[in-house]
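**Student:** Before we start, here is the structure in question, set down as structure tokens.
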Amino acid sequence: MIELETVAHGYDGAELFSDVTLQLGDGSFHFLTGPSGAGKTTLLRLCYGELVPARGSIRFFGQERRDLGRDGLALARQRIGVVHQDCQFLDHLSLRDNVALPLIAGERPVPDQDVDDLMAWVGLEGHAQALPPTLSGGERQRAALARAVITSPAVLLADEPTGNLDWEMSVRLLSLLIELNRMGTAVLIATHDLNLIRTTKPQVSARVLRIAGRKLQLAGAEL
Amino acid sequence: MSARDPRRDPRALRVVPPAGQSAWLTLLIAGAMAFLCVFALALSVAADRLAARWGEALSRTATVRISAPATQMDEQTAIVLEVLRTTPGVASARVIPVEEQGALLEPWFGPDLPLDLLALPRLVEVTEAPEGFDSMGLRLRLAAEAPGAVLDDHTRWRRPLVEAAARLRALAALSMALIGGATAAMVTLAASASLAANAQVIGVLRLVGARDRFIARAFVRRFTLRALIGAAFGTAAGMGALLAMPDAGESGGLLSGLGFAGLEWLYPLAVPPLAAVVAWAATRAAAFRVLRGVT
């Protein structure tokens, strides 16, 4: 569904990584690790088309990124759920409207009951009318997950989704992602939390990738 | 499970935060420009009406000026009157009395002008029938039968008036075009400021899969509505100001005619929708220009 082929990217002329080849196929589950600044977030941004690779090619659902056009990219993004590290909410909208935002922005019908059910699923049923700035970090993270999955995306990308959560909530959120994956959603999670990866691995057939030395590698037995 | 029609979902319009300075700026600009536009429109209509009135008054009459020695004046006058009587298209002809000529000259020479000492030409006022007369033919007949008589059909007076009116109309049209252009420029500025202030909102909307037209629509609707409301107030104020103009009567000329009459009052009602169209086009262009810079 999302394919990266010999992709290279960097900033201000300095290459962050190169020769990255990755396929996020149906029902796949990937963890992406690496030290801070290694390029995890950059790789995720490439995966939802926010960045254009300096070299190599990226295909979304069989179509080359460069050939998609603006509307094509928007339509591809409607099939990709993203949990951003900083959540990226519209602070003037209620939490409920923020969760429904991908449907509203995608000009699709908003099934109100589904939105309510989803908010209950992530434990935010009492916060429907709350504004994002009034929520705790953990609540925002869960709301971001709800927003990412409201469209039943084919691919879910999550950038440090448990960064603001306690261990119990992290495990719960991971189990939600595993549940989605079992329903066929491809999942890519960028995290530096190796304990979380170790906890998850027995439950799901996940590949663990690591960005090191400007290359994307399959992580070894050290995990 | 209830699902709202996405095209009617009010949340689609709320994705852009409300208010901000650009809202007041757009209302104010649209109001002020509509107010000015109503006056430009009134000027155009007044110029048109005045030119038509002057032109009609002048085109219905002509003058025959008879310059002849005093001994031949009465004879030449009689010939001219006879020629005019037998000319098709002439409704009536009358000799303007000396006292009336004096009244015509009084504004320039004062009331004490000794008319009897001056060798004034005799003037015959000719009133045209609706079908009009052949001025060239009449000139030739007068030249043949009364050599001292000259026909003045007021063409040389009428032409500058018509030209002046046409220029006034063109000036009014230019003013309206400038007002439209200035409105578009200022709405573009206000929309660009609003788009810049909402860069984070636009970025989030793009990331969750919004197409450019969806994002643009949220801004365009808002600015179009503001322009419509502002222009409606400005137009109402402009029409009110025209109604409140003091009546200077016929002597007021253009000043007293600055306004609308009858169905002409419907003309300014087109200003608010036009302002809305200008705002729609300006905001749409600004929005798509900004969106091209956002992935």
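**Student:** In chain B, once you exclude exposed trypsin sites (Lys or Arg not before Pro) (DSSP loop, at most 11 other Cβ within 10 angstrom), what's the longest stretch remaining?
**Tutor:** B:9-291
**Student:** As I understand it, the value is the acute angle between the Cα axis of helix A:112-121 and the longest principal axis of the Cα atoms of chain A; what does it come to in degrees, rounded to 10?
**Tutor:** Long axis of A:112-121 versus the principal axis of chain A: about 70 degrees.
**Student:** Just to be sure I understand the rule: take each whole DSSP H helix in chain B, project its Cα atoms onto its long axis, keep it if the span is 18 Å or more and its mean Kyte-Doolittle hydropathy is at least -1.0. Which ones pass?
**Tutor:** B:21-59, B:70-85, B:155-197, B:212-243, B:271-291
**Student:** How many angstrom lie between the C-alpha centres of region A:80-144 and region B:67-112?
**Tutor:** First find each Cα centre; the distance between them is then 94 Å.
**Student:** Now, a different point. In a GNM of chain A with a 10 Å cut-off on Cα contacts, which of A:F17, A:F61, A:F89 has the highest mean-square fluctuation?
**Tutor:** Taking springs between Cα atoms under 10 Å, the residue moving most is A:F61.
**Student:** With all protein chains present, how much of the accessible area of chain B (probe radius 1.4 Å) comes from carbon and sulfur, to the nearest whole percent?
**Tutor:** Ligands and nucleic acids excluded, carbon and sulfur give 66 percent.
**Student:** Counting only protein heavy atoms and rolling a 1.4 Å probe, how much accessible area do B and A lose on contact, total for both sides, in Å² to 100?
**Tutor:** 2800
**Student:** Compute the projected area of the convex hull of the Cα atoms of the protein assembly as shown, averaged over all viewing directions, and report it in nm² to one decimal place.
**Tutor:** Reported value for the Cα convex hull: 38.1 nm².
**Student:** So, one more: Residues of the protein assembly as shown: accessible area per residue at 1.4 Å, in Å²?
**Tutor:** 48
**Student:** Also, quick follow-up: When the accessible area of region A:92-132 is split by element with a 1.4 Å probe, what percent falls to carbon and sulfur?
**Tutor:** The C+S portion of the solvent-accessible surface of region A:92-132 is 52 percent.
The values are calculated or read from the model by the stated rules, or taken from the named source; none is laboratory data. Please read these numbers as outputs of a predicted model, since none were measured by experiment. Please note: Cβ atoms are built from the backbone with ideal geometry, for glycine as well, and neighbour counts cover all protein chains shown. Calculation scope for accessible area: heavy atoms of the full protein, side chains included, ligands and nucleic acids excluded. Shrake-Rupley method; radii C 1.70, N 1.55, O 1.52, S 1.80 Å.
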